[in-house]
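Accompanying notes for the structure given below.
The values are calculated or read from the model by the stated rules, or taken from the named source; none is laboratory data. Not measured: the values here are computed from a predicted model. Cβ placement follows ideal geometry from the backbone for every residue including glycine, while neighbour counts extend to all protein chains displayed.
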Amino acid sequence: MQVSGQKVVFIHYTLTGEDGGVIDSSEGQAPLAYIHGHGNIIPGLESALLGKTAGDKIKVTIPPDEAYGDRDEDLIQSVPVEAFHGVDEILPGMQFHTETPDGVQLVTVMNVDGDQVILDGNHPMAGLTLNFDVEVTEVRDATDEELEHGHVHGPGGHHH
């Protein structure tokens, strides 16, 4: 069975950055499962996997515009320390979820300057060219329930 829209795809992957350092990997874990065509994974990787079958191995380099986008300096902002209720110590590198008009957004603390906290709303991998080494381990039809919910159920997915 080939990877195509509405199929559940199981992959093992290793993600490396431009310097060759490993950013993320499924090694030693269950394969990642996603529904093809539902935007569950970055567009560049989804495109590269189209038409592949179980056992196929690919290496693909994905530019920022097909991954997490370019960095947007407008997403860096200064917020008063008082906005962090119940947080004893705010340190660079800490991450918080915040409500925005576009929904929940992950922000990373860049710096603390007196009573101001400098936050970066860019995805941590924004602006990066990503290298994926991927093996397709299984392709199956998605169930009606999975398609309705927009994600995989069972091993490698939600509700397991």
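Of all the criteria given as (1) assigned to a loop (DSSP other than H, G, I, E, B); (2) touching a residue at least 24 places away in the same chain (Cβ under 8 Å); (3) under 30 Å from residue 11 (Cβ atoms), the one not satisfied by residue 93 is (2). Of the strands (runs of 3 or more DSSP E) contained entirely in the stretch 1-52, those carrying at least 2 residues that are closer than 18 Å to residue 151 by Cα and in contact with a Ser or Thr (Cβ under 7 Å, 6 or more places away or on another chain) fall at 7-16. What number of residues within the stretch 29-51 satisfy the criterion of being β-branched (Val, Ile, Thr) and more than 14 Å from residue 67 (Cα to Cα)? So the answer is 1.
Filtered by the rule that a residue be acidic (Asp, Glu), loosely packed, with under 15 Cβ neighbours inside 10 Å and under 19 Å from residue 23 (Cβ atoms), the stretch 64-95 gives 65, 70.
Scanning the stretch 23-38 for residues that are hydroxyl-bearing (Ser, Thr, Tyr) and either at positive phi or surrounded by fewer than 17 Cβ atoms within 10 Å (Cβ to Cβ) (or both) returns a single hit, 25.
When 152, 117, 136 are checked against the criterion of being surrounded by 13 or more Cβ atoms within 10 Å (Cβ to Cβ), modelled with pLDDT of 95 or more, of a type in the set (A, V, I, L, M, F, W, C) and within 20 Å of the chain's Cα centre (by Cα), a single residue qualifies: 136. Kindly indicate whether any position in the stretch 89-100 is in the same structural domain as residue 132 (by TED's automatic domain parsing), under 26 Å from residue 127 (Cβ atoms) and over 14 Å from the mean Cα position of the chain (by Cα). The answer is no; no qualifying residue exists. As a summary of the residue check, residue 38 satisfies the conditions (1) out of contact with any Gly (no Cβ under 8 Å at 6 or more places or on another chain); (2) modelled with pLDDT under 95; (3) not basic (Lys, Arg) except for the one numbered (1).
Within the stretch 7-22, work out how many residues are surrounded by 12 or more Cβ atoms within 10 Å (Cβ to Cβ) and at pLDDT below 95. Counting residues in the stretch 7-22 that are surrounded by 12 or more Cβ atoms within 10 Å (Cβ to Cβ) and at pLDDT below 95 gives 1.
Scanning the stretch 113-160 for residues that are more than 16 Å from residue 31 (Cβ to Cβ), part of a strand (DSSP E or B) and touching a Pro at 6+ places or on another chain (Cβ under 7 Å) gives a single hit, 116. If only residues of the stretch 52-63 that are in contact with a strand residue (DSSP E or B) (Cβ under 6 Å, 6 or more places away or on another chain) and within 25 Å of residue 124 (Cβ to Cβ) are counted, the one that is surrounded by the most Cβ atoms within 10 Å (Cβ to Cβ) is 62. Of 32, 49, all but one fail to be assigned by TED's automatic domain parsing to the domain that holds residue 143, in contact with a strand residue (DSSP E or B) (Cβ under 6 Å, 6 or more places away or on another chain) and not basic (Lys, Arg); the exception is 32.
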